[in-house]
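> Here it is, the structure in full.
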Amino acid sequence: MKKIVVLTGAGVSAESGISTFRDADGLWEGHDVMEVASPQGWEQDRKKVLEFYNLRRRQLKEVQPNAAHKALRELEEKYEVHIITQNVDDLHERAGSSNVIHLHGQLKKVRSTFDEKLVLDWEDDLNEGDLCEHLSQLRPDIVWFGEEVPMMERAIEITAQAEILIIIGTSLQVYPAAGLMDYTRRGIPVYFIDPKPAVSGRDRLIVYAEKASVGVRKVVDELLSSYQT
Ligand SMILES: NC(=O)c1ccc[n+]([C@@H]2O[C@H](COP(=O)([O-])OP(=O)(O)OC[C@H]3O[C@@H](n4cnc5c(N)ncnc54)[C@H](O)[C@@H]3O)[C@@H](O)[C@H]2O)c1
């Protein structure tokens, strides 16, 4: 099966009702990202950071995968599909996608502040005083600004094997994720679906300047009907 790599950002979940942050002047749900998504923010006000992610985790229970998440699942009928997402929601998994890498962590996981490899599943609120087995505070398992991206190596490896790349709903401003497309083989087709697409000037770049639900449907239909081994 041909390998498709799909790189998604906050825009793929926008129609499920989860806000992106570039569309709100760099604020994430009204917050300065450095206050709620950086190690400095955590040191300054743990309670604020925990509350921010608690709200995001609660919101996740209210939202559903949208047509774009679901259409990506259909691609697996004919292709080997790997999704690399910058999103911390679980909407790709809930739509049924099999291979999802979360570059920036997941809302429904938390980790020890003593041992970063100690990661636990977490459904509800995380509060001050919730401790790991080493009696250290638990924190959201989110990659904050300025932190290493542990899944990057794996993401590069997968991207380098792509025969088709699809990029959806990302402003490509957050590195190193934004640099991933530079690791593809030369000359592979790259589809970019975003109402405000942030790339140009690349060979075989096919841009759909549309919402994810509309653009992903078109690309998936095209790829399913033109399938060649
Ligand atoms: N759902 C989530 O998990 C979520 C939500 C907000 C922010 N974040 C985090 O914020 C960072 C933001 O970087 P980013 O590039 O992913 O997001 P971003 O907010 O920087 O950019 C969002 C992009 O989505 C596009 N967009 C808006 N509505 C769309 C729609 N209906 N269909 C398709 N595209 C649409 C915008 O034009 C923009 O290019 C990521 O690291 C991510 O972890 C995650």
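The values are calculated or read from the model by the stated rules, or taken from the named source; none is laboratory data. What you see is a predicted model, and the numbers here were worked out from it, not measured in a lab. FYI the Cβ positions are ideal-geometry reconstructions off the backbone, even for glycines, and counts take in every protein chain you see. Protein only, heavy atoms only, side chains kept; ligands, DNA and RNA dropped before computing areas. Shrake-Rupley method; radii C 1.70, N 1.55, O 1.52, S 1.80 Å.
> When only DSSP loop residues count, what trypsin sites (Lys or Arg not before Pro) in region 194-229 have their Cβ near at most 16 other Cβ atoms within 10 Å?
When the trypsin sites (Lys or Arg not before Pro) of region 194-229 are filtered for loop state and at most 16 Cβ neighbours within 10 Å, R202, R204 remain.
> Okay, next question. With +1 assigned to the C-beta of every Lys and Arg and -1 to the C-beta of every Asp and Glu, and no other charges, what is the dipole magnitude of the chain about the Cα centre in debye, to the nearest 20?
Here the chain has a charge dipole of around 780 debye.
> GNM on the chain, C-alpha springs below 10 Å: top fluctuator among G11, G201, G105?
Fluctuation is largest for G201.
> Let me ask another. Would you look at the GNM of the chain, springs on alpha carbons closer than 10 Å, and say which of V216, V36, V119 moves the most?
V119
> With the other protein chains left in place, how much accessible area per residue, in square angstrom, belongs to region 92-144 at a 1.4 angstrom probe?
Value for region 92-144: 51 Å² per residue.
> Among residues other than F52 whose Cβ falls under 13 Å from its Cβ, what is the net charge (Lys/Arg +1, Asp/Glu -1)?
Net local charge, F52 excluded: +1.
> Over the alpha-carbon set of region 85-215, work out the extent along each principal axis and list the three values in angstrom, largest first.
53, 28, 26
> Suppose only helical runs count, i.e. DSSP H with n ≥ 4. What mean residue ellipticity at 222 nm does that imply for the chain under -39500 (n - 2.57) per run, divided by all residues and rounded to the nearest 500 deg cm²/dmol?
-7500 deg cm²/dmol
> No solvent, one uniform scatterer per C-alpha: report log10 I(q)/I(0) for the chain via the Debye equation at q = 0.14, 0.17 1/Å, two decimals.
Values, matching the q order: -0.88, -1.24.
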